[in-house]
1. Please work out which residue is most open to solvent (accessible area, probe 1.4 Å), limiting yourself to the stretch 7-53 and to residues that are closer than 23 Å to residue 73 by Cβ and outside any strand (DSSP E or B).
2. For the stretch 181-195, enumerate the residues that are farther than 11 Å from residue 225 by Cα and small (Gly, Ala, Ser).
3. Residues that are touching a Phe, Trp or Tyr at 6+ places or on another chain (Cβ under 8 Å), assigned to a helix (DSSP H, G or I) and open to solvent by less than 20 Å² (accessible area, probe 1.4 Å): does the stretch 179-198 have at least one?
4. Quick one: is residue 150 within 24 Å of the chain's Cα centre (by Cα) and either within 16 Å of ligand 2 (Cβ to nearest atom) or within 27 Å of residue 242 (Cα to Cα) (or both)?
5. Taking the conditions exactly as written (touching an Asp or Glu at 6+ places or on another chain (Cβ under 9 Å), modelled with pLDDT of 95 or more and more than 15 Å from ligand 1 (Cβ to nearest atom)), does residue 266 satisfy them or not?
6. If you take the residues in the stretch 153-177 that are among the charged types (D, E, K, R) and either more than 16 Å from ligand 2 (Cβ to nearest atom) or out of contact with any helix residue (DSSP H, G or I) (no Cβ under 6 Å at 6 or more places or on another chain) (or both), which one is farthest from residue 211 (Cα to Cα)?
7. If you check residue 218 against the conditions, is it within 16 Å of ligand 2 (Cβ to nearest atom) and under 30 Å from residue 445 (Cβ atoms)?
8. Report the residue count in the stretch 264-322 for those that are assigned to a loop (DSSP other than H, G, I, E, B), of a type in the set (Phe, Trp, Tyr) and within 16 Å of ligand 2 (Cβ to nearest atom).
Amino acid sequence: MQGKKAIQANAYYSKNFDEIEYLDEGLFCIDSEGFIEKVLTKDDENYEKVRRRYASEGQLKVLEADQILLPGFVDLHIHAPQWAQSGTALDRPLEIWLNEYTFPLEAKFEDQSFAANVYGEVVHTTLRNGTTSAVYFATVDRKSSLLLAEICGEQGQRGFVGKVAMDDASGCPEYYRDQDAQASIDETEAFIQSVLAIRNTYRQGVYPIITPRFIPTCTDESLKGLGALARKYDVHLQTHASESDWAHHYVKEKMGENDVKALNRFGLLGPRAIIAHAPFLETEDQEIMVETRTTIAHCPLSNAYFANSVLPVKDFMAKGITIGLATDISGGYTPSMYQAIRQAVISSKMLQDGVEPSRSKDLRGRAHAALTLNNALFMATVAGGQSLGLPLGKLEAGYIFDAQVVDTRENIPRFYEEKHVEDLLHKVLLLSQTVNIKEVWVQGEQVI
Ligand code: GUN
Ligand code: FE
């Protein structure tokens, strides 16, 4: 029994894209490595025996009747330094916002104590909101990017951390870029090695991720070198692609081809690669995404400000593209994946119905585009795990125990027994606030 524990809880998780599994007083047995060893339901013949065994060892935790257990969230795309400007300047277009606000802010992260302050807070805040795994862009500065990896490690969040590579003088300001392509590659390689060196220091692990910001800020030479690093180290990779009218056309002009085609040519796509946004992927781009098994990080709130469009999630998924969910702080202003879930549903419904009332109903929207809350929860949990190659997002044997305890006694109306067990889950997904999250667990340990 050493290091083992069990949690008895009413729990929900995604069985698949459409369906939810609900367990009434399920017994979740967690092994000493933080994996779920087995899950017993109340009708299992060993339920009482196993329950009593954990209880007698003082290793049984029983949630209250008004609390539910949910999987932790995977935020597939978040800019840690931009937490400092969350809620700022979202009325500007992407290209202005980057140059006037974002690049000057990110340049400040050479100051290690400023970086420590912001990074400490963003990791705590996202954990506090139920994000147990986060895929971060840091900044160009290698030293403070490593600090972010250490902070994730110490606070108990499963961080995927990237030192941002950007070296093209035509797309980056003088004060905020790698010196040249070779520096971009060398600094990224040094960063990968430093993170790999501390990777196993932390129970939940911490991972390096190769991070060319996006094609407008990177030279061909650096993209080629980063592709070589992806092959050499077999680590994760992230970038932005085809995000807005401006970004999509800038790349067409610069490269004579679309982002995804160029990224593929440089060896930057694959089962460990995550592309943020991508609403403007054309047919050939979509095929390349499927062939290379590259994931999209869908950032619906950010897209509402910057993307000039809504990602057609269901059409892209039907083609075979994996799509997870993300906040994209600070293109999206909130650290809460609950808000990402809500916005994914809202945006998709508006894509389906269309928004221009002067158009006839038939011409107004895109058929079958609406996502359900069940779909969005799957994207925020299981799909994120799939794209990272980790058993995350389900509360089943063999999965890592990353979870949140949500108390339904505040903010959520409970005047009667819900008609259907999923009704309570939907109330929680739409109405719960940060204060409703009473505990957060990562890899079998309580971190909040
Ligand atoms: N494209 C390049 N950099 C960024 C960024 O920081 N945020 C968003 N939303 N898009 C980008
Ligand atoms: Fe982004």
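The values are calculated or read from the model by the stated rules, or taken from the named source; none is laboratory data. All values reported here derive from a predicted model rather than from experimental measurement. Reconstructed Cβ throughout: ideal geometry from the backbone, glycine too, with neighbour counts over all protein chains shown. Surface accessibility is based on the protein's heavy atoms, side chains included, excluding ligands, DNA and RNA. Shrake-Rupley method; radii C 1.70, N 1.55, O 1.52, S 1.80 Å.
1. 33
2. 190, 194
3. Yes.
4. Here the answer is no, as residue 150 does not meet what is asked.
5. yes
6. For the stretch 153-177, the residue satisfying everything is 154.
7. Spelling it out, it is not the case that residue 218 is within 16 Å of ligand 2 (Cβ to nearest atom) and under 30 Å from residue 445 (Cβ atoms).
8. Kept after step one, since they are assigned to a loop (DSSP other than H, G, I, E, B), are these residues of the stretch 264-322: 266-272, 278-282, 293-294, 299, 307-312, 320-322.
Retained after the next criterion (residues that are of a type in the set (Phe, Trp, Tyr)): 266, 280.
Then keep just the ones that are within 16 Å of ligand 2 (Cβ to nearest atom); that gives 280.
Total satisfying the criteria: 1.
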